[in-house]
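Asker: I have a structure here, written as structure tokens, and I will follow up with some questions on it.
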Amino acid sequence: MTAQLLTLSSPDGPFTILARDGVVLASGWTADLSELTGQIHPELRPADVEAVADLGPISRAVEKFYAGEPAPAMAVPVLQKSGPFRSHAWDVLRTVRPGFPVTYTEYAELSGNAKAVRAAASACAFNAAALFVPCHRVIRTDGSLGGFRWGLAIKESLLAREARESQLGRDAGNHAAALTQNALSPNAGISPTLSHFLEESERASAKNPR
């Protein structure tokens with residue numbers, strides 16, 4: 001069973017992916033393969049690894065993530081193995097919206113057991129497919145970062161990036177809504193003075209119909 005290995009450059013440092021047949025087994029901000037293989041379940045650990053220059057859609061998803069489009073990374077196939085709760089919790093992580101991190105308590109609730117906060121935190125800690133399964137989107141109740149296998153500086157960078165991009169998206173949406181509202185206005189496209197005059201005229205006509 002041979003897996004493919006690729007290290008990409010990213011704004012947060014080297015990002016290495018170990019995949020097999022288009023499915024991510026492990027990934028993280030390192031250039032050291034040994035830092036990835038230890039996170040893989042023994043039954044999924046590849047016997048051989050070959051370096052490649054590209055991983056197709058997986059590579060493109062990482063590039064798009066850093067270009068402000070995180071959705072493709074959430075669609076990349078990932079293979080991990082654990083017990084029922086942790087496996088489900090990993091799936092839940094992929095539904096957490098970028099720019100809207102959840103607390104460990106909220107994450108436990110989303111995973112189906114509000115009391116399983118430690119188990120939820122453990123799911124983050126043992127997540128082998130960083131970025132594609134975004135454990136960086138879980139923080140402490142007091143707003144502090146909590147833990148992260150690849151370092152708090154990278155976690156902070158990822159959260160800040162997603163917060164900025166989310167805000168830009170909201171600003172663009174608000175701007176589009178304002179333009180739509182203006183376009184629907186009967187006096188759109190005219191000067192404020194003329195618009196005021198027309199509104200006053202309409203009110204006068206309503207009060208004194210002919």
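The values are calculated or read from the model by the stated rules, or taken from the named source; none is laboratory data. These figures come from a predicted structure and were not determined experimentally. Quick reminder, even Gly has a Cβ in these numbers, built from the backbone with ideal geometry, and neighbours come from all protein chains shown.
Asker: Which of the residues spanning the range 87-113 are within 27 Å of Leu8 (Cβ to Cβ), touching a residue at least 40 places away in the same chain (Cβ under 8 Å) and crowded, with 17+ Cβ neighbours inside 10 Å?
Answerer: Trp90, Leu93, Val96, Pro98, Gly99, Pro101
Asker: Further, regarding this structure: Within the range 132-151, which residues are out of contact with any helix residue (DSSP H, G or I) (no Cβ under 8 Å at 6 or more places or on another chain) and closer than 24 Å to Glu109 by Cα?
Answerer: Of everything in the range 132-151, those that are out of contact with any helix residue (DSSP H, G or I) (no Cβ under 8 Å at 6 or more places or on another chain) and closer than 24 Å to Glu109 by Cα turn out to be Asp142, Gly143, Ser144.
Asker: Look at the range 28-48 and say how many of its residues are assigned to a loop (DSSP other than H, G, I, E, B), among the polar types (S, T, N, Q) and either out of contact with any strand residue (DSSP E or B) (no Cβ under 9 Å at 6 or more places or on another chain) or at pLDDT 95 or above (or both).
Answerer: 1
Asker: Let me ask you something else. With the requirement that a residue be outside any loop (DSSP other than H, G, I, E, B) and of a type in the set (Val, Ile, Thr), what does the range 95-129 give you? Give the derivation first.
Answerer: Taking the range 95-129 as the starting set, the residues that turn out to be outside any loop (DSSP other than H, G, I, E, B) are 102-110, 117-125, 129.
Those that are outside any loop (DSSP other than H, G, I, E, B) and of a type in the set (Val, Ile, Thr): Val102, Thr103, Thr105, Val117.
Asker: Going through the range 114-165 one residue at a time, which ones are in contact (Cβ under 8 Å) with a residue 40 or more places away in the chain and hydroxyl-bearing (Ser, Thr, Tyr)?
Answerer: Listed by number, the list holds a single entry, Ser157.
Asker: Let me ask you something else. Identify the residue in the range 53-79 that is in a loop (DSSP other than H, G, I, E, B) and crowded, with 21+ Cβ neighbours inside 10 Å and, among all such residues, is farthest from the chain's Cα centre (by Cα).
Answerer: Val76
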